[in-house]
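The values are calculated or read from the model by the stated rules, or taken from the named source; none is laboratory data. Worth saying up front: this structure is predicted, and the values here are computed from it rather than measured. When we count neighbours, we look across all protein chains shown, and the Cβ atoms used for this are built from the backbone with ideal geometry, even at glycine. SASA here: full protein model, heavy atoms, side chains in, ligands and nucleic acids out. Shrake-Rupley method; radii C 1.70, N 1.55, O 1.52, S 1.80 Å.
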Amino acid sequence: MGSVYAIFKFTLLFSTWYIRCVAQSNGVYNVKDHGATGNGQTDDTKAFQAAWNASCAANGWSTMLVPEGSYLVGPLAFKGPCKGVKRLELRGQLLASTNLNAYTNNWIDFQYIDGLIVYGGGIFNGQGALAWPHNECPKKWSCKLLPMSLVFSFVSNAVVKNISSIDSKLFHIHIFSSKNLEFQSLKISAPGNSPNTDGIHIADSTNITIANAIIGTGDDCISIGPGNTNLTILNVLCGPGHGISVGSLGKNSNEKDVVGLTVRNCAFNGTTNGLRIKTWKSSPVPLTAAHFVYENIIMHNVYNPIIIDQEYCPYVSCVEKDPSRVQIHDIKFTNVRGTSSSREAIKFVCSRSVPCASVELNDIDLHYTGDATGNAIATSTCLNIQGRSNGNVKPSSCI
């Protein structure tokens, strides 16, 4: 009987070994084969790092597989260059460590990768609720940043699709110095009062597309920093949050221009802003923000549906006195309709030193809903701006 059991045990071990070998030979690196438990309590960081390192080192296409389950992981560096296109198939849920002392920077960093696909229907859970009280950035100019959830830096030719990100400690997704990235069918969520939980932030990047996303956070649904070119945002539902924002620009001396942005077929629900461009006063260097197209946009109960603010200051008081040196030009708003929760549905406050130029309003229909009597009408404000409208603009155009 003992020999039969020994043979059975050997056969089972051999079968398990064989299956793992076949999986590895087919380019699949399962985190459980590297020691992950997936019980949501044991630290699986080392197993994830080992699985990525093995996949990255494999020639050709390979897949790092995260099966169903909950995996507690601390900071991870998915770093290249790798030997071919790499896929991360996330079927389960990743839980970020709540121990802030475990982080030197971000939660999950994708770096120096050419050819990446992240997919699978899984969830990145930043578990940020315990960290948000430690965020002093909304109150202080100089502050310590909390970890961002997913950071793509120096990444090219990548697709991120069919995943969810919830309750990040800071930004959900940060894209830096990357090119040719496409984000599809994402769900991003955090409470409306969670600080600095931007959905997607983009900086110093080229050819970035965000499509078919549902984003609701405590800050910008999508924020566009300096140094970006050729960005496309399609079919995004935003709310709660602060809208889709370009900026803030003009704060630091190393910033570069933002040129080429298309925002089309998007909707905003109960956000503080809809389409926003914001720049600081007293910019240390001259900058350009130009060639933006906003088209086919729906606003529902949005406080600032269309706004350009070149006197941006999020603090109680700001020492900057000189006008912004960011030149905004060639901006087109077409077919923007819906409701505003403030009377000032269109607000353009541009720089007196470099006024906004070539700003167009075409087929705008925005109505104020905040007056109980129903008699108040929406208004528009224009300072230091040159442009035109096609005459079909409500509230009445001030340019």
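So which of E295, E255 ends up being crowded, with 17+ Cβ neighbours inside 10 Å and within 22 Å of the chain's Cα centre (by Cα)? Going through E295, E255 in turn, just one is crowded, with 17+ Cβ neighbours inside 10 Å and within 22 Å of the chain's Cα centre (by Cα): E255. When every residue of the stretch 284-292 is checked against the conditions, none turns out to be closer than 18 Å to K394 by Cα and assigned to a strand (DSSP E or B).
Condition (residue is surrounded by 19 or more Cβ atoms within 10 Å (Cβ to Cβ), in a loop (DSSP other than H, G, I, E, B) and in contact (Cβ under 8 Å) with a residue 60 or more places away in the chain) applied to the stretch 171-185: is it met by at least one residue? No.
Summed over the stretch 197-224, the residues that are surrounded by fewer than 24 Cβ atoms within 10 Å (Cβ to Cβ) and in a loop (DSSP other than H, G, I, E, B) give a count of 2. Residue-level check: of (1) modelled with pLDDT of 95 or more; (2) open to solvent by 10 Å² or more (accessible area, probe 1.4 Å), Y315 misses just (1). What residue, of K169, K187, K179, is of a type in the set (K, R) and touching a Leu at 6+ places or on another chain (Cβ under 9 Å)? Every option except K169 fails the conditions. Tell me, please, whether a residue that is touching a Leu at 6+ places or on another chain (Cβ under 6 Å), among the charged types (D, E, K, R) and under 30 Å from G391 (Cβ atoms) can be found in the stretch 263-270. Within the stretch 263-270, one or more residues are touching a Leu at 6+ places or on another chain (Cβ under 6 Å), among the charged types (D, E, K, R) and under 30 Å from G391 (Cβ atoms). Evaluated against (1) more than 12 Å from L383 (Cα to Cα); (2) buried (at least 20 other Cβ atoms within 10 Å of the Cβ), P323 falls short on exactly one condition, (2). Checking the stated criteria, Y103 turns out not to satisfy the condition of being touching a helix residue (DSSP H, G or I) at 6+ places or on another chain (Cβ under 9 Å) and modelled with pLDDT of 95 or more. So for the stretch 260-277 (the condition being open to solvent by 40 Å² or more (accessible area, probe 1.4 Å) and under 19 Å from P226 (Cβ atoms)), does at least one residue qualify? No, because not a single residue in the stretch 260-277 is open to solvent by 40 Å² or more (accessible area, probe 1.4 Å) and under 19 Å from P226 (Cβ atoms). Condition (residue is within 24 Å of A213 (Cβ to Cβ), assigned to a strand (DSSP E or B) and either free of Cβ contacts under 8 Å to residues at least 40 places away in the same chain or among the aromatic types (F, W, Y) (or both)) applied to the stretch 321-336: is it met by at least one residue? Yes. As for the stretch 351-359, it holds at least one residue that is closer than 15 Å to V246 by Cα and not acidic (D, E). Test A47 against the stated conditions and say whether it is modelled with pLDDT of 95 or more, more than 29 Å from K187 (Cβ to Cβ) and in contact with a Phe, Trp or Tyr (Cβ under 9 Å, 6 or more places away or on another chain). Here the answer is no, as A47 does not meet what is asked. Check the stretch 384-392 and report whether any residue there is free of Cβ contacts under 8 Å to residues at least 12 places away in the same chain and either more than 24 Å from T232 (Cβ to Cβ) or over 23 Å from the mean Cα position of the chain (by Cα) (or both). Checking the stretch 384-392: at least one residue is free of Cβ contacts under 8 Å to residues at least 12 places away in the same chain and either more than 24 Å from T232 (Cβ to Cβ) or over 23 Å from the mean Cα position of the chain (by Cα) (or both). Starting from residues that are open to solvent by less than 20 Å² (accessible area, probe 1.4 Å) and in a loop (DSSP other than H, G, I, E, B), keep the ones in the stretch 225-252 and report whichever is nearest to H201 (Cα to Cα). My answer is G225.
Table: residues versus (1) outside any strand (DSSP E or B); (2) open to solvent by less than 60 Å² (accessible area, probe 1.4 Å); (3) within 24 Å of L287 (Cα to Cα).
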site: F348; (1), (2), (3): no, yes, yes
site: E360; (1), (2), (3): no, yes, yes
site: I364; (1), (2), (3): no, yes, no
site: A376; (1), (2), (3): yes, yes, no
site: R388; (1), (2), (3): no, no, yes
site: G391; (1), (2), (3): yes, no, no
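In the stretch 26-120, counting only strands (runs of 3 or more DSSP E) that sit wholly within it, the ones holding 3 or more residues that are open to solvent by 20 Å² or more (accessible area, probe 1.4 Å) and touching a residue at least 12 places away in the same chain (Cβ under 8 Å) span 28-30, 39-43, 114-119.
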